[in-house]
Structures are given as C-alpha cells and as structure tokens.
Amino acid sequence: MNARRRTVLAAGAAGAAALATGCGSDSGDGGDTSASPTASAGATDSASPGASGGVELARTEDIPVGGGTVFKEQKVVVTQPEEGEFRAFSAVCTHASCLVSTVSDGTINCPCHGSKYSITDAAVEAGPAPRPLPAERISVSGGAIRLT
C-alpha cells in the first residue's frame, strides 16, 4: 500500500510540474503586435478609480526612472525608461519561460540563463533569449498604472 501511495504522489508531482511548465506565456512569434506597451503619465484622468479598467499594478512614483519593477503574480514587468514614460512587457523569458527577476542598469534580467532585455522596447541585449519580451497593455491615470 505504501508503494502505491508513493507512486500516486510522484505522478501527482510530475503532473503538477508539467502543468506549471505549460503555464508560461505562449508568445508565438513575438506576441500581439497590437498591444500598446507605452503609456504616459499624462493619460486622461477619470473621477472613479476603476474607470480605466484593469488591475492596478502600482503607482507611478513606485516605478524608478531608468528602471522598472517585476510583478510576479501578474507575470508583467513595468519600466520607466524616461521620466513619465511607462512601458509594460511579459515577465516570461522567451528562452525557457522563466520569470525575469530584476530590472537594473537599463535591462530586464532573467536569472535562469542570463538573458537581458532593454527597458525601452524589451529587445534582447544578451542571449540566449531568441526574441524580445512581448508587450503588455497598460494605462496610466491619476498616478495609477493598470494592466488592461
């Protein structure tokens, strides 16, 4: 009976690992080119906090100029290459589907194999990533950055 239980647990763990591996972004040929990766702080403000729609990721003052922040739960990275210019990209590395972990020195960095992406357009600056991070849609309104 113990052997059967171990087999079931091992099979369950393998299935969970396979499921987790399959949960990465299917970026296909580089993602949806219709997505708007850029939002400016001057976007239209609205009276109600949820009028812009989407999940609030951060306040504009939380994203450093020349840097960015990774939102692991949403699998998104938001950058601010220039003052008041916000961009968002998938946080799933295009090499092996690891989540990027940091933003520093002008790049979005993957801890798994050293891929680096530009904070401006997510272009690959160091491999082995084969293509840029796909753009994500955000809106900036009333100091809130929302995933749309």
For all pairs of alpha-carbon atoms in segment 91-148, what percent lies in each bin of width 5 Å, listed from the first bin to the last filled one? 4, 21, 28, 20, 14, 9, 4, 1
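What order do 121, 105 take when sorted by accessible area (1.4 Å probe), most exposed first? Kindly include the intermediate steps, with their values, before the conclusion.
Details: 121 85, 105 155 Å².
Largest accessible area first, the residues go 105, 121.
Round to the nearest 0.05 the FRET efficiency obtained for residue 112 and residue 148 when R0 = 30 Å and r is the Cβ-Cβ distance. List each step's numbers first, then the result.
Working: r = 28 Å, r/R0 = 0.95.
Efficiency, from the Cβ-Cβ distance: 0.60.
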Computed ³J(HN,Hα) along segment 107-122: with the Karplus parameters 6.51/-1.76/1.60, θ = phi - 60°, integer Hz and x for glycine or proline, the list is 10, 9, 10, 9, x, 6, 9, x, 5, 9, 10, 5, 6, 7, 9, 6
Of the GluC sites (Glu not before Pro) in segment 77-146, which ones lie in a loop per DSSP and count no more than 13 other C-beta atoms within 10 Å? 83
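The values are calculated or read from the model by the stated rules, or taken from the named source; none is laboratory data. Everything numeric in this text was worked out from a predicted model, so none of it was measured. No Cβ is skipped: glycine too gets one built from the backbone with ideal geometry, and neighbour counts run over all protein chains shown. Areas reflect the complete protein model, heavy atoms only, side chains present, ligands, DNA and RNA absent. Shrake-Rupley method; radii C 1.70, N 1.55, O 1.52, S 1.80 Å.
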